[in-house]
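Read through the structure below, which is laid out as structure tokens, and then see the notes.
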Amino acid sequence: MSNRRLFLAALLTLLAFALLERWMREHMAQVPAVLDLTGVLLAVGSLPWSLAALTLFRQTTSPLVRVLRDVAYLLVLTGGVALNLVLLRSALAWIISRWRGT
């Protein structure tokens, strides 16, 4: 699998999961506790990109700005995890090729 395909697959999977989680939080009376853990894992998995995304959170009264802010944060968070997966895969491929001596 190429890096581009890995990035897009991870990004789409994580976006779908995040949107499902948001829907569940809004429409279900009892939300499974495991969703809190997965949110933390997403935030940690997207470091350092998630730290940069924290600057997006400013108080606002406009609903449109709030929606745009949440979409941008979601894209940075899921894109950060996908980018970190690609970087990790590339680093491991480089280490393995150096170890084999090729």
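Key figures for this structure:
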item: Any hit, segment 64-71, residues being open to solvent by 80 Å² or more (accessible area, probe 1.4 Å) and either over 21 Å from Arg22 (Cα atoms) or in contact with a Lys or Arg (Cβ under 6 Å, 6 or more places away or on another chain) (or both); result: no
item: Contacts under 6 angstrom Cβ, first residue in segment 77-102 being modelled with pLDDT under 95, partner open to solvent by 90 Å² or more (accessible area, probe 1.4 Å) and in a helix (DSSP H, G or I), 6 or more apart; result: Gly80/Trp49
item: Pairs, first without any contact (Cβ under 8 Å) to a residue 24 or more places away in the chain and closer than 10 Å to Val76 by Cα in segment 33-62, second open to solvent by 80 Å² or more (accessible area, probe 1.4 Å) and among the polar types (S, T, N, Q), C-beta under 8 Å, six or more apart; result: none
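The values are calculated or read from the model by the stated rules, or taken from the named source; none is laboratory data. As the structure is a prediction and not an experimental result, all values here were calculated from the model. Cβ: placed from backbone, ideal geometry, glycine included. Neighbour counts: every protein chain shown. When the accessible area is computed, the model is the full protein with side chains, heavy atoms only, and any ligands, DNA or RNA have been set aside. Shrake-Rupley method; radii C 1.70, N 1.55, O 1.52, S 1.80 Å.
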